[in-house]
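Please treat every number below as a calculation from the coordinates, not as lab data. Given the structure is predicted, the values throughout are model-derived calculations rather than measurements. Positions of Cβ are backbone-derived with ideal geometry, glycine not excepted, and every protein chain shown enters the neighbour counts.
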């Protein structure tokens, strides 16, 4: 698996723990929402980076109140047809103010990268051997958008209004 951040393949410092795995004394860990709920105090008191992995069926509201205590939220995409992760990402960024790493994991495909990025994802686990090149191509595929999103791209309608106001 390759981890893409800022358009580059990077090493992943995070350890993904199963619910039964012992909790290491130090180091960044990613746990399930179930484990976060069951061991929240112990996890937060470690004073080490903490992340949670959400299944596609787990909603933003289920982790929203804990978002401030988390440095990473990984959202699973079990199949390309399951788009619930897009909504979860937008809600975490826009409603819950999550500012940490938002990672897309699972069945992350090239055709989805740009739209995932627009919804607030800033890290992507990919099986692609040429992940950096795939990322670069996906980010440049479209240059105009009709909707606002969490990225800084200005929608076409606003560009049109600006042009008309300048005339």
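Remarks
- Förster radius 25 Å - calculated FRET efficiency between residue 10 and residue 44, Cβ distance, rounded to 0.05: 0.45
- Using R0 = 45 Å, the C-beta based FRET efficiency linking residue 162 and residue 20 works out to 0.20.
- Theoretical gain in end-to-end length, residue 115 to residue 94 [0.36 nm per residue, Cα-Cα removed]: 6.0 nm
- The packing ranking of peptides 1-8, 117-124, highest mean first, is 117-124, 1-8, where packing means the average number of other beta carbon atoms within 10 angstrom of each residue.
- Each peptide among 21-28, 47-54 gets the average number of other Cβ atoms lying within 10 Å of its residues, and from highest to lowest they stand as 47-54, 21-28.
- For the chain, calculated [θ]222 nm from helices alone, where every DSSP H run of n ≥ 4 adds -39500 (n - 2.57): -10000 deg cm²/dmol
- Length released on extending from residue 1 to residue 56, taking residue separation times 0.36 nm less the Cα-Cα span: 17.8 nm
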